[in-house]
Amino acid sequence: MNKIKVLLHNGVRLRNYVFTDFINIAQSNNLSLSYWNVTPFDFLNSGADALVSVLPVPHQYNPHWIFEAAENDYLKIATGDVGIIKHRQDLPKAFYRDRSIYITKTEVIKEGRFFENKLTYIESNPTQYVNIDTIKDWEKSKDVLKIISFNLN
């Protein structure tokens with residue numbers, strides 16, 4: 001039986017295993033899975049109510065450079081800013097949820113919330129990220145795994 005070592009470089013990605021056929025696909029291809037968790041973040045002692053994994057927003061899509069339609073066919077900056085930030089070097093870091101990790105404290109969920117005020121994050125590595133939803137994603141994950149394996153040797 002061939003083996004795959006799943007490197008959990010930015011948190012426990014249970015969502016990928018619980019809500020997808022990742023394990024079934026691996027087993028049907030005669031693959032044994034083992035896991036290596038090298039998470040660098042202590043969520044329980046962070047003071048946050050929830051944690052999500054994120055990827056960086058490319059500067060050209062930063063919210064401070066995004067416009068919304070306004071009255072009279074004018075545009076307004078989506079953040080509500082009056083003036084535009086002129087230089088990309090001056091833009092604040094922006095992120096989007098990559099849907100790999102959602103962790104919320106039980107008491108927050110019991111209050112009917114998911115994540116709101118005390119939200120922290122782990123930044124995923126874009127070169128090692130694959131959200132496996134399709135066979136095409138699975139094929140891409142094989143290429144990413146080759147890169148990760150090469151970098152570990």
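The values are calculated or read from the model by the stated rules, or taken from the named source; none is laboratory data. Note that the coordinates shown come from a computational prediction; the quantities given were computed from them, not determined experimentally. Backbone-built Cβ (ideal geometry, glycine too); neighbour counts: all protein chains shown.
Give the residue that is surrounded by the fewest Cβ atoms within 10 Å (Cβ to Cβ), with candidates limited to residues of segment 109-124 that are on the phi < 0 side of the Ramachandran plot and more than 21 Å from the chain's Cα centre (by Cα). Spell out the reasoning first.
Narrowing segment 109-124 to residues on the phi < 0 side of the Ramachandran plot: 109-111, 113-124.
After this cut, where a residue has to be more than 21 Å from the chain's Cα centre (by Cα) as well, the list is 110-111.
Working: Lys110: 8, Glu111: 11.
Among those residues, the one meeting the criterion is Lys110.
Here is a yes/no grid of residues against (1) in contact with a helix residue (DSSP H, G or I) (Cβ under 6 Å, 6 or more places away or on another chain); (2) more than 28 Å from Ile132 (Cβ to Cβ); (3) at pLDDT 95 or above; (4) not aliphatic (A, V, I, L, M):
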{"site": "Ser34", "(1), (2), (3), (4)": "no, no, no, yes"}
{"site": "Asn37", "(1), (2), (3), (4)": "no, no, no, yes"}
{"site": "Pro56", "(1), (2), (3), (4)": "no, no, no, yes"}
{"site": "His59", "(1), (2), (3), (4)": "yes, no, no, yes"}
{"site": "His64", "(1), (2), (3), (4)": "no, yes, yes, yes"}
{"site": "Ile85", "(1), (2), (3), (4)": "yes, yes, yes, no"}
{"site": "Ser100", "(1), (2), (3), (4)": "no, no, no, yes"}
{"site": "Glu107", "(1), (2), (3), (4)": "no, yes, no, yes"}
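Please go through segment 110-142 and give me each residue that is of a type in the set (D, E, K, R) and part of a loop (DSSP other than H, G, I, E, B), ordered by number.
Glu111, Arg113, Glu116, Lys118, Asp133
Just to be sure I understand, how many residues within segment 75-104 are outside any loop (DSSP other than H, G, I, E, B) and free of Cβ contacts under 8 Å to residues at least 12 places away in the same chain? Spell out the reasoning first.
Step one: list which residues in segment 75-104 are outside any loop (DSSP other than H, G, I, E, B), which gives 75-77, 88-90, 95-104.
Filter once more, keeping what is free of Cβ contacts under 8 Å to residues at least 12 places away in the same chain: 75-76, 89-90.
Residues in segment 75-104 being outside any loop (DSSP other than H, G, I, E, B) and free of Cβ contacts under 8 Å to residues at least 12 places away in the same chain: 4 in total.
If you check Ile4, Ile25, which single one turns out to be over 19 Å from the mean Cα position of the chain (by Cα), β-branched (Val, Ile, Thr) and modelled with pLDDT of 75 or more? Let's see the steps before the verdict.
Values: Ile4 fails: modelled with pLDDT of 75 or more.
Result: Ile25 is the single residue among Ile4, Ile25 that is over 19 Å from the mean Cα position of the chain (by Cα), β-branched (Val, Ile, Thr) and modelled with pLDDT of 75 or more.
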Assigned to a strand (DSSP E or B) and free of Cβ contacts under 8 Å to residues at least 60 places away in the same chain: which single residue out of Glu68, Glu107 fits that description? Glu68
